[in-house]
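Just below is one structure, and these are the notes that go with it.
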Amino acid sequence: MKIAFTTQTGEMVDLHFGQTESFQVWEVGPDQASYLETLTVREAGGDEEDRIAARADLLSECAVVYTMQIGGPAAAKLIARRIHPLKTNVEVSLRDSVERLQEVLRGNPPPWLRKAMNKDKAGSFLDED
């Protein structure tokens, strides 16, 4: 699944969601993780709602966003688009965050993470046993 990180240096999750100028995107699975790309924020309009919407649109293919801080309206907009925000509250190592996520994926992921992992798979009652 694709995971976005708010980072200035590529080493730490160290920025507020609304202040980041770019997102590092990684493909993360239980056994492998790799950097994919850096997405640059292009501001759309002048008000806060437009800035939040522009970031959410940019991250549409991501299942999770790791960020140091995020406001309630931005978190709600991401969740509405099936993107799960994870707030660290402090600066944390990007690499350590990836490794911890992989450990969870190898075990028994919580329901929100299982849902995020299946973000792009359309469910149907026909798929159930």
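The values are calculated or read from the model by the stated rules, or taken from the named source; none is laboratory data. A quick note: this is a predicted structure, and the numbers were derived from the prediction, not measured. Ideal geometry is used to build each Cβ from the backbone, glycine not excepted, and the neighbour counts take in all protein chains shown. Areas reflect the complete protein model, heavy atoms only, side chains present, ligands, DNA and RNA absent. Shrake-Rupley method; radii C 1.70, N 1.55, O 1.52, S 1.80 Å.
Hey, among the residues in region 4-20 that are small (Gly, Ala, Ser) and buried (at least 17 other Cβ atoms within 10 Å of the Cβ), which one's nearest to residue 73 (Cα to Cα)?
Taking the candidates together, the pick is 18.
Can you pull out the residues in region 92-102 that are surrounded by 14 or more Cβ atoms within 10 Å (Cβ to Cβ) and not hydroxyl-bearing (Ser, Thr, Tyr)?
92, 94, 98, 101, 102
Out of curiosity, is residue 114 at pLDDT 90 or above and either open to solvent by 90 Å² or more (accessible area, probe 1.4 Å) or more than 15 Å from the chain's Cα centre (by Cα) (or both)?
Criteria not met by residue 114.
Open to solvent by 50 Å² or more (accessible area, probe 1.4 Å), under 11 Å from the mean Cα position of the chain (by Cα) and free of Cβ contacts under 8 Å to residues at least 24 places away in the same chain - does that describe any residue in region 38-57?
Among the residues of region 38-57, not one is open to solvent by 50 Å² or more (accessible area, probe 1.4 Å), under 11 Å from the mean Cα position of the chain (by Cα) and free of Cβ contacts under 8 Å to residues at least 24 places away in the same chain, which makes the answer no.
Between residues in region 13-29 that are without any contact (Cβ under 8 Å) to a residue 40 or more places away in the chain and residues that are of a type in the set (Asp, Glu) and open to solvent by 10 Å² or more (accessible area, probe 1.4 Å), which pairs lie under 6 Å by C-beta distance while being six or more apart or on different chains?
25/37
This table checks each residue for (1) without any contact (Cβ under 8 Å) to a residue 24 or more places away in the chain; (2) in contact with a helix residue (DSSP H, G or I) (Cβ under 8 Å, 6 or more places away or on another chain); (3) surrounded by 13 or more Cβ atoms within 10 Å (Cβ to Cβ).
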| site | (1), (2), (3) |
| --- | --- |
| 60 | yes, no, no |
| 67 | no, no, yes |
| 73 | no, yes, no |
| 81 | no, yes, yes |
| 84 | no, yes, yes |
| 107 | yes, no, no |
